[in-house]
Every structure is written in C-alpha cells, then in structure tokens.
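Data block below; observations after.
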Amino acid sequence: MRHCHHLCPPASPVVAPTSRVVRDFFHPQIVPVIHPIEVVNRHHCVPVPRHFCTYSERDEFAGMPGVAGIASYPSKSKGGGKY
C-alpha cells in the first residue's frame, strides 16, 4: 500500500458542532429562617394538706374512800392548735 501524502492536496478544515462544557460553581447564600416559639406558663393549684388539731380537757375525780359517787363537771373545749 502506498502512502499518498504527497499526492493529496491539503483539505479545507471542517468545523464540528460546538461541544458544550458546563462548569458549576456554588457559593453560599445566607437565607434567614425564622422559627417562632410560644412559651406558655401554666399555673396549677395543688392541694397541700394543712393539719389542725383540737383537743379537749376535763377533770375527773376518782372516788375517795368514804365519799359516795363521783362529782361530774362540764368539759372545757380548747381549739385552734395547729402544726
């Protein structure tokens, strides 16, 4: 096979369709994001026992030798004590 480089005239250039090369560059962009928060203060009544004591006091007389029966007196009631 013969090489015919010296026999062929130079050819005109052929321009192929343009190839597209895309280079993406990313840059940070600040975007404000707002998060609404609602604080609810709940107040609850809680029963707490508070104890009050009352007491009564009375006098009793034991039977004495030689005395018939026991004398009875009304009792005294006192209140308002607490702790």
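None of the figures in this text is laboratory data; all of them are computed from the coordinates on show. Since we're looking at a predicted model, the values are computed, not measured. Cβ placement follows ideal geometry from the backbone for every residue including glycine, while neighbour counts extend to all protein chains displayed.
Projecting label points 7 angstrom from Cα along Cα→Cβ for THR18 and VAL48 puts them 8.3 nm apart. Counted residue by residue at 0.36 nm each, then reduced by the alpha carbon distance between them, the extension gain from ALA11 to MET64 reaches 3.6 nm.
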